[in-house]
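Reviewing the structure listed below.
What follows is calculated from the coordinates using simple rules that are stated; it is not laboratory data. Predicted, not measured: the structure shown is a model, and the values here were computed from it. Methodologically, a virtual Cβ is constructed for each residue, glycine included, from the backbone with ideal geometry; neighbour enumeration extends over all protein chains shown.
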């Protein structure tokens, strides 16, 4: 361990000589001061790693000295030591951002523990986390070879995301690389699972998971009985992004349930979100509501009738609810709903579709600055957290809690950082999405795609008699041969959706109640 510099401030410093010798024997360099004024002089002479500060001293008190230290060198952690157990002193010290609080008489082991907790915390946590993941790595690898149901895949993905979040701040980058390779292997196996089983989920398979078109009926409706509910659908929200900002809700909501459900294919807003609100698969929407449905090659907005789809579904389910629907795609719209939220307090169901995360992923493709800010999954999560912390959405959720609303947070699909191109050829009417294509006479690499030659088998619309769908697997993205290198360079390391991956298909559904 390299030498750590400690400043110990106490008007009875001579009585602490045994403690100081104890620390010096462990390679800590201890400088002493007998007053607040001396302490302030010392922090200008040397750069200390940590300060022990007595609260009760003549002249400048500990709290007054603390205020001066924080004003001059805010980053130095300060551990307050006091004889007093009075609550107001503790509260004032904590409010002044102390690192720890010890009550006299202190013993050497208390001092050492406080030092380790404040100076070695990151290293110790990193070592422990790395050790735990190394033990778990083998189990995850074994589980991956045996997983064979939608539920088991959901549990495995949750486990991978848990370790991804645990490892994101550790010092050992090799562990992150191991986890990334494990996620890549998991996606390879997951794509095989989807290729083998997806079509059977529409034929009465007992193991079929909750999917986009069954989510509202099977999961939302049971939650809204007798309780006013705010349903928030955050477009394009991955499970790891949800886990990243979930703690921000803990001061006013308590989570009662969290599940993973499956987005339908394509994992794209036009298909998946319309399916949530209609309670129907795309081919059924096209047939029953031709005025509301547009195919990929049709002109016009593809998600303009979600409110109409929801109205029809509620009627079909025989539900007579007082409800409203709100689509938020700008700061102004979000602020307006926040300002007027109290007017919805008597509704049974308030539905909010929030589009920011989807816009963020598209901006990463188009804007160089966003590419840099969200160059990895970790930074993408961080950007999402920052948005949520400062968005009108958190204000809306706070108001919902104050009004006694149950809260449901979910999404329509996730997204994946695409890394590798796969060549595809189609005619001029082929859809443009980078993760799925629909059209006639598609030419592609068989190993790279899940191909659906008869869209009717998975309840997708058939634009013409020979139309088919292909879905990119894992982190692949489709690129045409024309101007190939330019487009590969442009789209590599961007966030896309529409294909088959854990990140796109396995998405969160969480229920929370007000505290």
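For the reader, a short list of remarks on this structure follows.
- Fewest-first sequence of 311, 428 by Cβ atoms within 10 Å of each Cβ: 428, 311
- Counting 0.36 nm for each residue step from residue 333 to residue 169 and taking away their Cα separation leaves a gain of 55.5 nm.
- The residues 114, 141, when put in order of fewest to most other Cβ atoms within 10 Å, stand as 141, 114.
- Cα-based helix-to-principal-axis angle, 62-72 vs the chain, degrees rounded to 10: 60
- Pairwise FRET efficiency - residue 515 versus residue 386, Cβ, R0 = 25 Å, nearest 0.05: 0.55
- For 435, 26, order by how many other beta-carbon atoms lie within 10 Å, fewest first: 26, 435
- Rounded to 10°, Cα long-axis angle of helix 121-146 versus longest principal axis of the chain: 30
- Helix 173-197 vs. the chain, principal-axis angle (Cα, 0 to 90°, nearest 10): 20
- Cβ-derived FRET efficiency at R0 25 Å, residue 482 paired with residue 375, nearest 0.05: 0.35
- Rounded D (µm²/s) - segment 248-315, Kirkwood Rh over Cα pairs, Stokes-Einstein at 37 °C, 0.692 mPa s: 242
- Subtracting the Cα-Cα distance of residue 180 and residue 299 from 0.36 nm times their residue separation leaves 38.9 nm of extension gain.
- Per the Kirkwood formula applied to alpha carbons, segment 22-65 shows a radius of gyration over Rh ratio, Rg over Rh, of 1.00.
- Distance between the 7 Å Cα→Cβ label points at residue 289 and residue 342: 3.4 nm.
- Shape of segment 408-491, Cα gyration tensor, a/c cut at 1.5: oblate
- Gyration tensor (alpha-carbon) shape descriptor, segment 4-119, a/c threshold 1.5: rounded
- Separation of alpha-carbon centers, segment 433-473 and segment 100-121, rounded to whole Å: 63
- Full extension of the chain between residue 70 and residue 420 gives 121.1 nm of extra length, using 0.36 nm per residue less the Cα-Cα distance.
- Relative contact order (%) - criterion: Cα under 8 Å, at least six apart; region: the chain: 16
- For segment 281-333: rounded, prolate or oblate by the Cα gyration tensor [a/c cutoff 1.5]: oblate
- Once C-alpha pairs closer than 8 Å and six or more residues apart are averaged by separation and normalised to the residue number of segment 123-200, the relative contact order reads 41 percent.
- The modelled label-to-label distance for the pair residue 120/residue 29, using points 7 Å beyond Cα in the direction of Cβ, is 1.9 nm.
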